[in-house]
1. For 152, 77, what ranking results if the residue with the fewest other Cβ atoms within 10 Å of its Cβ goes first?
2. Beyond 22 Å, how much of the Cα-Cα pair distribution for the stretch 219-300 remains, as a whole percent?
3. Among rounded, prolate and oblate, which fits the stretch 170-244 when a ≥ b ≥ c are the square roots of the eigenvalues of its C-alpha gyration tensor, a/c under 1.5 means rounded, and a/b larger than b/c means prolate?
4. According to a simple spin-label model (label point 7 Å from Cα along Cα-to-Cβ), what is the distance in nm between residue 221 and residue 339?
5. Evaluate 2.2 N^0.38 Å with N set to the residue count of the stretch 523-596, then give the Cα radius of gyration divided by it.
6. So how do 751, 674 line up by other beta-carbon neighbours within 10 Å, fewest first?
7. Compute the separation of the alpha-carbon centres of the stretch 589-618 and the stretch 287-348 and state it in Å as a whole number.
8. Tell me, how many Å apart are the Cα centres for the stretch 750-802 and for the stretch 671-698?
Ligand SMILES: Nc1ncnc2c1ncn2[C@@H]1O[C@H](COP(=O)(O)OP(=O)(O)O)[C@@H](O)[C@H]1O
Ligand SMILES: CC(C)(COP(=O)(O)O)[C@@H](O)C(=O)NCCC(=O)O
Ligand SMILES: [Mn+2]
């Protein structure tokens, strides 16, 4: 495998027809019902047999299902790393993040392809990458798991695009680790599969390189109880030292993809800790042993410098009295037996002994090769804070701060991931950080990522599992304050603080990996001035006070949200049951994050708000605010004609002000804000809207209106800016979009600017979605010619589509177009590193961006800089945020205009 990885010169010559992508966008047009297999393919790339390929279903469909009857080379979904202690599984489930591909979407795609020509085709299938582990001694459980999910046959969700003809006999699964040899016969016998063995070191390195390049916050440092995520510079990754602490330890110098040398290792590793620990403490599980260490005091077992020096430091050589002089050195006393020592103390002493030792050997090897970066992997680490602190301390201490210990979130899965990648047909190495979305399913906060019992197959099982879990009396509480980190500097660690253990059934150690969603259609928003420096979140949740505040806000909002969600599904018993389960799962996530903010990777407010939406979807609440959204849309559409008339009676300047005021005032309709929800109980939406408008006193808290006005209307010698295309990122349903953003869009259209309304792909609170917009626009078009003509020109009105379908959607009318694209996300916030490819395409000709709402322009993107002019509009519906960001008050308005920035030089 090393040589294969070396041989990737043609990585970027990925052309049509040689990809693993069954749905190759460029090919679809020509794809006949029987395709040939004569296309050029590169040797190390997926080799699909396309002969007799047939499209199933509608030819017009841009994403048809393609059957490959002669595709014998099974597209495998599973790779194994069978180690001395643990079996690691990485498996892929194909799962496209679908939203209906309607006419409007197709017309948008065509339109933007026309103006952009060279849309790329994606080499990777959309799907999910799962990470699961089992103890090697429980091989049978692992095989049951594989067989219940049919992972060896490509999944129980067995996709119709597979040949279906292969028998189990043909199935070959990539495997690494010694168990790939040792248990090959068992796998053949039990599952009928053969193992294709990959070298363990090759796999470790391939896995580590993939993770470090493709996952944004994979690596982190750990000091004094604090995780800090490290941004890896892809151009400055090699060389590094990889230390894999499994049963034993491998130390590998990595110089590039497939270029490495195993420079050292040690037999004192994870197996030593677990084995000796088990014998000495009678612990039943590894996690129990780790848990014990949290309550231990090693000075009862270890001989410290102070024990030798009569309580004093050995300061000449920088050794404090609390430094361990000799691990287990105190147990030489003849008068004491094993039973005279506390298991807790023994466990801690053992953990420190082994961690320090590995840290020290790693440092020496780093020194030997002049390496500064040391990455630690393997399941010995198990995300355990104290272990990582100890290793970091050792590396720092011995290198005098010259070398740095870093850890990997997928610590123990490097080998399995490497084996998975060795299939050479996933094209996974082409995935970029922005195409991977990590999600944390319901079970994550409870089981800490390991598997207990059979897999949860369906929603009903999930819910009953949750109910049982709750019945068992396990506390799932609202966020609890986090204990301060319990380590000190120089040589002496205090007793580690016992971290809260109310949540996980294996409550000792923290371990959380989500499922990696591979979404090959996500792209970086092309108008970011400096994508490398872009950070979506405005508020830093690593500040404990902020974290506590926002977790509490979300937790307090929960009962109301559950009410709405249950009502949205007709309030049935089933909906209530799901509502309860959702509430428990989400509270557990919140409590987990309170206990350990970095448990799910780097945490920002945007992640929290998205987690809530994802959690709702997991319990099949697809649109909790649907009724509210519809009601508000109707009420707002009813008053739209009057508003438009009022606007039309004004002069240009007054009108522009009224329009911006209208957007800000209507942004009050936000069901995600506690304060606003209280307001809605006090009046109808039209009353609230009027009141909100009346209160719009200028100057606003941030008031760049005059600059914007000058830009749009010109003044004196400054000519008006004729914008070509504006992207309007819309926010809430009802008044917000209908009475705020649509009239503003109309004004831009009237001035000859093309308008693209950018809305969520999936629902989030009461935000309007891209699917809902055409209907709203169609309704508005009944009362307004400008909107109607523009919507026709933009292919938004379905009737109009018929007449323009045949000739590539060229503009028939003189009007500029009004269009809708989805943003690729389902959250009230917006991460511009991960937007839909449609939005990315639409952005290419845009010269004005209008971001609206608190989620998209304050919580996220307040500091984002763009290559083109940008207007950020929002009403601040939270007192603390208003104070923190603007020294202001709740219901303040923000109107920030920023002229386009030149892109930074290295982009
Ligand atoms: N549930 C567990 N059971 C056994 N060992 C565990 C467990 N969790 C973590 N470990 C630790 O992880 C080590 C195995 O790490 P791993 O990277 O899987 O190596 P291997 O490939 O040798 O099995 C064990 O020796 C032990 O120290
Ligand atoms: C979820 C939201 C970002 C939505 O705001 P919007 O983007 O709709 O303006 C916002 O409602 C929010 O920050 N809510 C939590 C804070 C609060 O309840 O005060
Ligand atoms: Mn919103």
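1. Values: 152 24, 77 28.
The most exposed by this proxy come first: 152, 77.
2. Values: 1635 of 3321 pairs.
Percentage above 22 Å: 49.
3. Details: a/c = 3.04, a/b = 2.47, b/c = 1.23.
The shape class here is prolate.
4. A separation of 4.8 nm, rounded to one decimal place.
5. Details: Rg = 17.3 Å, N = 74, 2.2 N^0.38 = 11.3 Å.
Against the compact-globule rule of thumb, the ratio is 1.53.
6. On the way: 751 17, 674 13.
So the ranking, lowest neighbour count to highest, is 674, 751.
7. Taking the Cα centre of the stretch 287-348 as reference, the centre of the stretch 589-618 is 38 Å away.
8. With the stretch 750-802 and the stretch 671-698 each reduced to a Cα centre, they are spaced 25 Å.
Coordinate-derived values only; no laboratory data. This is a predicted model, so every value here is computed, not measured. Positions of Cβ are generated from backbone atoms using ideal geometry, with glycine treated the same way; all protein chains shown enter the neighbour counts.
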